[in-house]
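Asker: So that we are looking at the same thing, I have put the structure below in structure tokens.
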Amino acid sequence: MCFFDQVMWTCGDWKWDRFRQHCNREYRTGETCGMKLVYAVARSNDKCKICQKIDAKLRRRSAEVAKIQRWQSEGSKLKASIERSYEIVKDLDQEIYQLQIEKQRKTQAIGKSR
Ligand SMILES: [Zn+2]
């Protein structure tokens with residue numbers, strides 16, 4: 001078990017940071033063993049990169065949804081525009097979903113790798 005700093009973001013996600021200290025077991029080899037222990041936690045004032053991306057896409061999505069609702073309540077004849085906005089919302093949903101998967105994968109990988 002070797003000691004590393006940990007960065008904690010406001011969204012609750014975290015990552016390993018700098019290596020700090022070897023454990024007794026691996027001290028002589030100069031290698032770090034697979035097990036990581038927290039040396040110190042640094043709290044960030046931001047969300048992690050992926051959550052920031054997700055937030056940006058969610059904002060974009062609600063702007064599109066608001067546009068669609070406005071057009072529909074006005075009884076707009078802008079059928080092509082409405083359809084295009086629907087497409088954008090669908091694409092954003094897909095991208096947000098991918099980012100969430102990426103986030104999950106990262107958290108799992110970090111837990112195991114050195
Ligand atoms: Zn996050």
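Asker: Taking the Cα atoms only, what angle lies between the long axis of helix 79-112 and the longest principal axis of the chain, rounded to 10 degrees?
Answerer: 10 degrees
Asker: Between Met35 and Gln69, what length in nm is gained on full extension when 0.36 nm per residue of separation is reduced by their alpha carbon distance?
Answerer: 7.1 nm
Asker: Give a residue-ordered list of calculated ³J(HN,Hα) values for segment 6-12 (Karplus: 6.51 cos²θ - 1.76 cosθ + 1.60, θ = phi - 60°; whole Hz; x for Gly, Pro).
Answerer: Values per residue, Gly and Pro as x: 10, 9, 10, 8, 5, 6, x Hz.
Asker: While we're here: Say R0 is 22 Å: what FRET efficiency, to the nearest 0.05, do Gln21 and Arg43 get from their beta-carbon distance?
Answerer: Working: r = 21 Å, r/R0 = 0.93.
Here the calculated transfer efficiency is 0.60.
Asker: For Ile54, what is the net charge nearby, where nearby means another residue's Cβ is under 12 Å from its Cβ and Lys, Arg count +1, Asp, Glu -1?
Answerer: Working: positive: Lys47, Lys49, Lys53, Lys57, Arg59, Arg60, Arg61, Lys103; negative: Asp13, Asp55, Asp93, Glu95, Glu102.
My count for the surroundings of Ile54 gives +3.
Asker: Still on this structure, please answer the following. Going by how many other Cβ atoms sit within 10 Å of their own, how do Cys33, Cys48 line up, fewest first? Write out the running numbers ahead of the final one.
Answerer: Numbers: Cys33 13, Cys48 21.
Arranged by neighbour count, lowest to highest, Cys33, Cys48 become Cys33, Cys48.
Asker: In terms of modelled amide H atoms, which long-range or inter-chain residues lie less than 5 Å from the amide H of Arg20?
Answerer: Excluding prolines and chain starts, which carry no amide H, the hits are Phe3, Phe4, Asp5.
Asker: Something else now. Is it possible to state the helix-based mean residue ellipticity at 222 nm for the chain, with each DSSP H run of 4+ residues giving -39500 (n - 2.57), the sum divided by total residues, to the nearest 500 deg cm²/dmol? What is it? Don't jump to the answer; show the numbers that get you there.
Answerer: Details: 2 runs with 59 residues, N = 114.
Taking each H run of at least 4 residues, the total per residue is -18500 deg cm²/dmol.
The numbers here are math on the coordinates, done by the rules we state, and not lab data. Being a predicted model, the structure only gives us computed values, none of them experimental. Cβ: placed from backbone, ideal geometry, glycine included. Neighbour counts: every protein chain shown.
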